[in-house]
Amino acid sequence: MSNRSRFKPLALAGVLATLFGLTGGTDVVPSSDLAAEAARLQQENAQLERLLELASGEEPYLILDLRVGSLQLGLAGAKLAEYEIQSVEIGTPSVLFVKREPSAGWHSRVWNGAELTPRRQKKRHVIEASRIDLDDPSYDPPIPLTPEQAVPVPRRFLLRFEQGLVVECVADDDGEPGLERNPVWLSGIANWLRDAVDAARPSGVPRLRLHLRSTDAAALYRGVPEGTRLLVLRGASEPGSLR
Amino acid sequence: MSDGTRRSAPYATAPGRVQTSGAGIVLRVPRRSGRWMMALVLACVCVGLFVGSSGYSYRPLGDSDLPGGKTASSSELEGEVSRDLVSQLRGERQRLLRRWSNVGPRETYIVIDRTNNRLALRRRKETLLETDCSAGSGNVLIDDSGNRKWVFDTPTGVFRVRMKIDNPVWKKPDWAFLEEGHPPPVDPSDRFDYGALGEYALDFGDGYLIHGTLYERLIGRGVTHGCVRLGREDLRKVFHQAKPGTQIFIH
């Protein structure tokens, strides 16, 4: 047999294998790479669907993007504000020394109806028109307030979502002039009690603690609308963020 | 007195009395306030135990804390994955990305943070301007003679620029006169104020404007009656970038 004829069947087999490779998509491939790729794509698609759901809604929303360490406030697909996250911690609840592991997939959903705790309270001046007399030197018109004066910001505040997720935001430094400086022991006891009650709730949801610079924490506390929704984005998603 | 009577006696006896049981043990029945005190101490111990043993233990968030969720994990998919499925998922992803690229404002838009008194001008991912502004004071004005009340808040939501105005003239509403301690004028021509709104104004509906001010030193404070004030230079930039239809997001 000549060299040429010896290679003919091999060449034919090669061509067939290539053709099979190009067209052959219907049979099951027990490849773990393929399975991992499919799982990744499924997760990314699910995240994209949730992003689209948020962006097409009428409520404002927060996107906690763990990949880039940011928390973005959005509305109808527009970026309203962005807050840099220094670090994120996860808190697992325990009741009477018994730890409760969070339910699987707690993060892969949209959380609705954020409520600020403590509630944001804007100081308002009530002015009676009949008492206004600009010619009277004793008349003291209200001086317009700065944001720091109008809305004091606690060092630690919570965003509570309807389905049980609580995001705790902590200002890591003292840079922001509007931070409230309550006695540590007093707020400590209140926080301790509140955390114990939260942990005992049967939601099976962990708590997230976000560490922010005080300026970002203050801007978030003052700027986040009540009723905001939340989506937590995992690492490998694209577009991943609104930027 | 029989033993049986004595044993049931402590519960029927007035608090504070000393009773001797049948076995000769002296029992002191606590006074009512003492019982309350004991209940309080017990409650405190229970609450302390609950609070001390309940709460959250924190650790840095890692990938293991964010498992696949409702979608199938790779181990679940193994053995049944075909190339068809993967290409189908890729196609789905492309479709979603195309939809995502059409989400949000396509042109320049304005964002106003009314509590922090900040305004941003953005186009897609780019921030063109970020500056201080002045939004509503939140003050409440009560006109007791006419039973009227105004709350000076800037509205929240999504708005659009309706009209661009050069050299706007302010037609002062009743509250502007009441606030100065004067009754509203009878002659409508007395309501016009020239120059108070600066060089330009962007009308975004219901009488609300983005405009300039004579009092630039107050920019950054909540001072307005619901409009949004900008400094002269910032107003020029915003005015020239905006056009009728430009979206305004206020939160």
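None of the figures in this text is laboratory data; all of them are computed from the coordinates on show. Just so it is clear, the structure is predicted and the values come from calculations on it, not from any experiment. Don't worry about glycine lacking a Cβ; one is built from the backbone with ideal geometry, like all the others, and counts go over all protein chains shown.
Here the residues B:PHE192, B:PHE159, ranked from fewest to most Cβ neighbours within 10 Å of their Cβ, fall in the order B:PHE192, B:PHE159.
Cross-link pairs exceeding 21 Å between alpha carbons, from the set A:LYS79/B:LYS164; B:LYS164/B:LYS237; B:LYS125/B:LYS243; B:LYS171/B:LYS243; B:LYS125/B:LYS237; A:LYS122/B:LYS149: A:LYS79/B:LYS164; B:LYS171/B:LYS243. The convex hull built on the alpha-carbon positions of region B:183-251 has an orientation-averaged projected area of 6.1 nm².
With K and R counted +1 and D and E -1, the other residues having a Cβ less than 12 Å from that of A:GLU128 yield a net charge of -1.
Sorted ascending by nearby beta carbons within 10 Å, beginning with the fewest, A:CYS169, B:CYS46 become B:CYS46, A:CYS169. By the count of other C-beta atoms within 10 Å, a proxy for reagent exposure, B:PHE249, B:PHE152 are ordered fewest to most as B:PHE152, B:PHE249. Size estimate for region A:36-233 follows the Kirkwood approach: the inverse of mean 1/r over distinct Cα pairs works out to 19.0 Å. Here B:HIS240 and B:HIS182 are evaluated by their C-beta separation; at R0 = 45 Å the FRET efficiency comes out at 0.80. For B:PHE249, neighbours were defined as the other residues whose beta-carbon sits under 10 Å from its Cβ, and their charges (Lys and Arg +1, Asp and Glu -1) total +1. In straight-distance terms, cross-link reach from A:LYS123 covers every one of the aspartates and glutamates whose alpha-carbon lies under 14 Å from its own, apart from those fewer than eight places away in the same chain; here that gives A:GLU148, B:ASP153. Listed by chain and number, the aspartates and glutamates whose C-alpha is less than 19 Å from the C-alpha of A:LYS99, apart from same-chain residues fewer than 8 away, are A:GLU89, A:ASP195, A:ASP198, B:ASP65.
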